[in-house]
Each structure stands twice: as C-alpha cells, then as structure tokens.
Amino acid sequence: MRFVKPSVADSALADSGERLRQGERAGVEVAEAKAPVRIRGGRGRQLARKGLQRISIDGALGLAASGDDMLDALAPALPSLLAWRIPAGGATGAASFYFSVKGSGGSAELQLFPRMESLRTWTCLRRDGLCGLTPDEASVLRHLLGRAPRSSRADCVTSKPKPGSKTLQVGRRVYYRSTIPVPDFLASLATVETKATDSSSYLPRDSVMALRGAEVDTRVGREDLGEWCYLA
C-alpha cells in the first residue's frame, strides 16, 4: 500500500491517498468480509465505509482518500495483497501497466503510466516541491532509456533552466520545460526516495516524453521491475 502525504492531496482527495490498481483493488474486495469494508458505486467515484469512516475512491485517477487513517480499515487486506501475483505472462504482461511506445528508428513518443506523477496530482506534487515517482517506475524508465547515447534528447521538466527552456509556474514554484540529453535526465530523475534539488528532473505533466535519437528497449524482465512492483 502506498500513501500520499496530506500536503499533496487536492480538495477532491482529502488528507491521504493511495494507489489501487487491479490486484490491489481485488485484494481489498476479497478482504471486505473480514474488515468489513462496504463499497458503493460503479467504476468512477465510489465510497467505502467501515463503521463511521468513509473512504472515497476515484477510479479515474486510481486514488483513494479519507479524513482518517486508512490503515486500520485496509490492514485486513494486506495478506491478500501480498499473496497476489499476476497470472501467467508475468513481467511481459506487466509492461503495459507502465508504458506504451509510438514510433521507432530513433524517434519515439513514450507514454508512461505513473501512479502519482500525472495531471492533477503532478501539479500538487510540483507545487509542494515533492515527487511521487516510485522506485519500480523509475527502474522501468531507466531500463527503457538506459542505452540511449549522449546525443539523444528527451522532453521533460527541470528545476533549473537549460538552453531553450520555457518557464513553467506551478503555485509559487518555478520549473522549466526542457529538452536535455537522455543520460542527464536519467541521472537527475527525482523519485519518492530522493530529495528534490535544483538539479532534479521530472516527467512532463501528461507523462508523454518525446524522444529523439534514442532507441527504446521495451523488453521488460522481472529483474527490471524492482521490489515495489506488486506484479513481479
């Protein structure tokens, strides 16, 4: 289970949040009878109740939020979540949860599917000077672009200006839309495990990276996913 710091949740997502993907959501549903947690609603916005506690679930963003600590309500689901593994197909099938690629021959568009680093949540994170890119997402990204030469370029967001950068104001903080060498982007890539610095780099808000002069290695193995990946 991965919780979001209260300071980065917007008004629609209250004080804390967590990513609920296929297996994680399934694990919570399996544990309903033990919790018991009752969930109402369809695939969009849903409301789960345990006693007096309410947990709002935003299916579109893949986030859950509550004004109270969700750990007590969700703890009974942990054994099922930890025991759950992706069916036959393993890491090969897991790749589609992380990215898709368009184009080839040194020019490509990489669409990433991060849990937190996108759209509204991306804005909240940049505004608060935080990063929500998880280690498994960073590991996959480094695997995809790890063989890119120094001459390759990637569109990203940086903490300080680069040649040709455009200013990007997020709250009181200033970032820059930049195009930098892929090796530099990977070396400065911020994650939840690193402290943001003046040299940090981030995914674009829409998580789409235009790549030039970089071959993308889409063959993702189990060893490329890391311990944070629930599909490994």
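For V101, the conditions (1) surrounded by fewer than 19 Cβ atoms within 10 Å (Cβ to Cβ); (2) at pLDDT 90 or above; (3) in a helix (DSSP H, G or I) are fulfilled apart from (3). Scanning the range 167-207 for residues that are more than 20 Å from D128 (Cα to Cα) and either hydrophobic (A, V, I, L, M, F, W, C) or free of Cβ contacts under 8 Å to residues at least 12 places away in the same chain (or both) yields I180, V182, F185, L186, A187. Go through the residues of the range 166-189 one by one and say whether even a single one is touching a helix residue (DSSP H, G or I) at 6+ places or on another chain (Cβ under 7 Å) and within 18 Å of L225 (Cα to Cα). The answer is yes; a qualifying residue exists. Each residue in the range 147-179 was checked for being in contact with a Pro (Cβ under 9 Å, 6 or more places away or on another chain) and farther than 16 Å from R126 by Cα, and 9 pass.
The values are calculated or read from the model by the stated rules, or taken from the named source; none is laboratory data. What you see is a predicted model, and the numbers here were worked out from it, not measured in a lab. FYI the Cβ positions are ideal-geometry reconstructions off the backbone, even for glycines, and counts take in every protein chain you see.
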